[in-house]
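The block underneath contains the structure these notes are about, expressed in structure tokens.
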Number of protein chains: 2
Amino acid sequence: MLDAAIDVIAEAGPAAISLRDLARRAGVSHAAPAHHFGDKAGLLTAIAAEGQELLADRLHEAHRRSGGDFLEVGVAYVRFAVEHRAHFEIMYRPELHRPDDPAVIAGRTRAGAVLYRGASERGPGRSADEVRTAGLAAWSLVHGFATLWIHGALPEGLGDDPEAAARTVARHLGVSPG
Amino acid sequence: MLDAAIDVIAEAGPAAISLRDLARRAGVSHAAPAHHFGDKAGLLTAIAAEGQELLADRLHEAHRRSGGDFLEVGVAYVRFAVEHRAHFEIMYRPELHRPDDPAVIAGRTRAGAVLYRGASERGPGRSADEVRTAGLAAWSLVHGFATLWIHGALPEGLGDDPEAAARTVARHLGVSPG
DNA sequence: TACGGGAACTTGTCAGTGCCTAGTTTGTGC
DNA sequence: GCACAAACTAGGCACTGACAAGTTCCCGTA
């Protein structure tokens, strides 16, 4: 059921999803999805929670494999967004799900921890506030790049490899002037 | 009619909009909106085109007033997103409108020109490719910051002034290492 | 083995929606 | 005065999410 939902969202966007269509695809009655998830927001909340956990896993793994290289964590963020586009879109659309759901909050906290750990390891000699805003800058950059890439808003000529393009662009995150 | 649509989107998101509800608010029959805009996508396309023009105006003005300071153009981008949240959300949701609409393309081209002009004036001694990716980095950063701010995904403690926060964060866009 | 309970699911219904077609009003230029 | 077009209305169709009530089936317990 969740898999079918993710397929639909990935190909037609979150607005195109219908509980009844999912039920048809799964070969069950039209009320079965509501039975499991409560309502439509419940279904999307489940997807958001799954996405947060998945993102946290990916960021954690990238942090470990790269030895704490923040650039690689950012690239992993973009890769997650492109590969799990449906999850990504739902996660950052709080009006479609329940952002105060415990499972969603838990995943978001875990993912956020990796992002901020990467930022704090990046410049050890800087103030706490600098570290914080540097992390926000990096997050903003990769998040913006991912959403622009997904929505096809970026200009042509970047190639078809989002990771390589993200790596190139993210290198422009320089040291802070204070 | 467009104003009513923007109010609804701003307070409940693009998914909550209904042609019939808009008609009720405007005191006309349920088919009147469809008559003017063709269909729902037509209405949202009109909003997207209006938003692109508005964004282009804002960026152009910020570029002029700041003497070409790219940071200020980025801050204007964030300000536009926060102040015209409904327009901004529709503009970057191509599955909800018709991104190939001539009016939309015209506005997008005009807005893009300001963004890239700001980037190219930033470092005159750099290669064309560096200028291009620097512009993309800046755009990604302010776009990401704006969307995260709008969706309430940023951590607390940033205050309630998105422009000041954006200015602080965007300063982390340093020089490119190549 | 009989049974009670609960989870999974079905059936039916309701208000609401987008879109379509046909008809009606209203304003304008000739 | 009138043709014409734009603006709008009225009604219907297939669809949606949500809700209420009933059904099936499995599993632990006596």
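The values are calculated or read from the model by the stated rules, or taken from the named source; none is laboratory data. This structure is a prediction, so every number in the text was calculated from the model and none was measured. Glycine also receives a Cβ, built like all others from the backbone with ideal geometry; neighbour counts cover every protein chain displayed. Keep in mind that these areas ignore ligands, DNA and RNA; they rest on the heavy atoms of the full protein, side chains included. Shrake-Rupley method; radii C 1.70, N 1.55, O 1.52, S 1.80 Å.
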Quote the total accessible area buried by chains B and A together, excluding ligands, DNA and RNA, probe 1.4 Å, nearest 100 Å².
3200 Å²
Nearest-20 debye value, segment B:40-170 charge dipole, Cβ charges on Lys, Arg, Asp, Glu
280 debye
Residues of segment A:40-170: accessible area per residue at 1.4 Å, in Å²?
39 Å²
When ranked by the protection proxy of mean other Cβ atoms within 10 Å per residue, highest first, what sequence do the peptides A:49-56, A:153-160, A:1-8 form?
A:49-56, A:1-8, A:153-160
With one decimal in nm and the nearest listed first, the spacings from A:S66 to its own position in the other copies, using label points 7 Å along Cα-to-Cβ, are 2.7
With no solvent and one point on each alpha carbon, what is the Debye value of log10 I(q)/I(0) for the protein assembly as shown at q = 0.07, 0.08, 0.10 Å⁻¹?
-0.31, -0.40, -0.63
Label distances, nm, B:V28 versus same residue in remaining copies, Cβ-directed 7 Å point
4.4
Determine ³J(HN,Hα), in whole Hz, for all residues of segment B:66-76 in sequence, where each value follows from phi through the Karplus function 6.51 cos²θ - 1.76 cosθ + 1.60 and θ = phi - 60°; x replaces Gly and Pro.
8, x, x, 6, 5, 4, 5, 5, x, 5, 5
Interatomic Cα distance distribution for chain A, bins of 10 angstrom, percent:
10, 34, 32, 18, 6, 1, 0
Mean separation of Cα contacts under 8 Å, 6 or more apart, over the residue count of chain A: relative contact order %
23 percent
Which net charge results for the neighbourhood of B:A103, defined as the other residues with beta-carbon distances under 9 angstrom from its beta-carbon, given Lys and Arg at +1 and Asp and Glu at -1?
-3
Which ³J(HN,Hα) values in Hz, rounded to whole numbers, follow from the phi angles of segment A:43-54 under the Karplus curve 6.51 cos²θ - 1.76 cosθ + 1.60, where θ = phi - 60° and Gly and Pro get x?
4, 5, 5, 4, 5, 4, 5, 4, x, 4, 5, 4
The local net charge around B:G51, scoring Lys/Arg +1 and Asp/Glu -1 for residues other than B:G51 whose Cβ lies under 15 Å from its Cβ, equals -1
So, in nm and shortest first, the distances from B:L2 to its counterparts in the other copies, with label points 7 Å along Cα→Cβ, work out as 4.3
Under 17 Å by backbone N from the virtual spin label 7 Å along Cα-to-Cβ at A:E163, the residues of segment A:81-107 are A:81-85
Got a number for carbon plus sulfur as a percent of chain A's accessible area, 1.4 Å probe?
52 percent
Taking the rotation that carries A onto B, look along its axis and tell me which residue of A has the beta carbon nearest to it, distance in whole angstrom.
A:G174, 1
